[in-house]
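Structure first, commentary second.
The values are calculated or read from the model by the stated rules, or taken from the named source; none is laboratory data. Computed from a prediction, not measured in an experiment: that's the story for all the values here. Reconstructed Cβ throughout: ideal geometry from the backbone, glycine too, with neighbour counts over all protein chains shown. Please note that ligands, DNA and RNA were not included when accessible areas were found on the heavy atoms of the full protein model with its side chains. Shrake-Rupley method; radii C 1.70, N 1.55, O 1.52, S 1.80 Å.
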Amino acid sequence: MSAKILDGKWLASIYEQDIHRQCQTLSEKFGSAPGLAVILVGDNPASKAYVGRKGKVAARCGIQTFDTRLAASASKEEILEHIVAFNKNPEVDGILLQLPLPGELSSESDDLIAAIAPEKDVDGLHPFNQGLLLQGKGVLRSCTPLGVMKMIDLALSDVKSGDDIESTDQIPVADLSGKKAVVIGRSVLVGKPVSFLLLERNATVTIAHSRTKDLSAVVREADIVVAAVGKEHLVKSDWVHSNAIVIDVGINRTEQGTLTGDVAFDEVAQACSAITPVPGGVGQMTVAMLMHNTLLSYMARMSQ
Ligand code: NAP
């Protein structure tokens with residue numbers, strides 16, 4: 001049996017169309033478009049590529065961008081000044097500090113993220129928004145975990161990647177009551193928030209990590225597997241059962257320089273019911289969810 005392939009590029013494009021439609025209607029009504037500020041420090045090629053992609057997707061969605069590029073030698077105070085200015089700027093609805101920060105600045109990431117106004121924290125990483133997630137409240141949820149949930153909705157719907165659908169409204173929000181989910185990875189960025197989103201949808205959630213004993217046996221129990229580890233092809237075909245939905249968050253660079261996930265895609269796709277590819281899976285959805293959050297933040301501002 002071959003699994004349903006959850007094409008993130010296709011799903012993200014439908015989200016972009018939805019967001020574009022809403023941005024157009026609301027921009028006409030309120031006379032201004034949503035605004036996203038992206039702060040890039042240093043010249044890490046991967047970060048530069050991500051920021052470039054975010055700018056292009058924002059333009060397609062009808063979101064205006066405010067880019068700040070700082071040298072790797074920038075001080076914490078300099079970055080803070082930009083964050084404070086964007087916090088005050090009424091045209092900016094969302095602020096994204098591109099991570100990882102270079103060199104010693106990386107140890108300042110938590111402080112800098114905490115300086116972003118929580119209502120503009122479209123990456124959903126501010127401790128206030130993470131606290132609200134823990135309480136089952138709040139609106140701005142981190143982009144990658146949110147993208148994971150949208151992939152699970154697609155897996156459980158009658159819609160197939162590539163179908164000619166007009167809106168993501170045609171993909172119902174899935175109730176995961178009775179389903180066992182195993183999240184591999186417990187980072188603040190992915191593993192923990194995705195676990196709480198799964199719990200919010202009534203899944204029974206196990207969080208596995210590097211100290212988990214007999215990981216393959218734990219994963220084999222799962223109806224939903226989320227792999228967020230950073231270890232190439234850790235999850236093998238004999239780790240999953242035939243009804244499992246497998247969501248691969250991992251991004252690993254192979255010796256050949258290509259990108260691959262935490263799941264051995266070719267073999268696992270023959271053994272489970274639905275699976276995300278890498279590249280072309282969750283990563284695409286992460287960017288779409290950033291636009292989604294920027295729109296939510298704009299709508300909240302406009303409703304005040
Ligand atoms: P991270 O902070 O390094 O966390 C990795 C987690 O995996 C840790 O909880 C670690 O356990 C666990 N782990 C490590 N080795 C393991 C093993 N052998 N068995 C079981 N668990 C193990 O990484 P992250 O930020 O969560 O990112 C995870 C992956 O997702 C990376 O490849 C990253 O590039 C990718 N990512 C992708 C996107 C996207 O948009 N697609 C976004 C963010 C991240 P301990 O806690 O015990 O150390």
Item checked: Evaluation of HIS82 against (1) farther than 22 Å from THR286 by Cα; (2) open to solvent by less than 10 Å² (accessible area, probe 1.4 Å) (one fails), failing number -> (2)
Check: away from the ligand (no atom under 15 Å from the Cβ), within 23 Å of the chain's Cα centre (by Cα) and more than 30 Å from PHE30 (Cα to Cα): does that describe ASN243?
Finding: no
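Just the residues that are among the small types (Gly, Ala, Ser) and on the phi < 0 side of the Ramachandran plot, please, taken from region 208-260.
Within region 208-260, ALA208, SER210, SER216, ALA217, ALA222, ALA227, ALA228, SER237, SER242, ALA244, GLY250 qualify.
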Notebook entry, point to check: ALA174 fails exactly one of the following numbered conditions: (1) of a type outside the set (S, T, N, Q); (2) open to solvent by less than 20 Å² (accessible area, probe 1.4 Å); (3) not in a loop (DSSP other than H, G, I, E, B). What is the number of that condition?
Noted result: (3)
Item checked: Near pairs, Cβ below 6 angstrom, 6+ apart or cross-chain, from region 283-304 (over 10 Å from LEU36 (Cα atoms)) to any residue that is β-branched (Val, Ile, Thr) and assigned to a helix (DSSP H, G or I) -> THR286/THR144; VAL287/VAL57
Margin query: Need pairs with beta-carbon distance below 6 Å; first residue outside any helix (DSSP H, G or I) and within region 39-59, second surrounded by fewer than 13 Cβ atoms within 10 Å (Cβ to Cβ); sequence gap 6+ or separate chains.
Written below: GLY42/ALA72
Notebook entry, point to check: With respect to LYS192, is the statement that it is open to solvent by 70 Å² or more (accessible area, probe 1.4 Å), within 16 Å of the ligand (Cβ to nearest atom) and part of a helix (DSSP H, G or I) true?
Noted result: yes
Notebook entry, point to check: What about SER161, is it assigned to a loop (DSSP other than H, G, I, E, B), farther than 14 Å from LEU296 by Cβ and either assigned by TED's automatic domain parsing to the domain that holds LEU197 or open to solvent by 50 Å² or more (accessible area, probe 1.4 Å) (or both)?
Noted result: yes
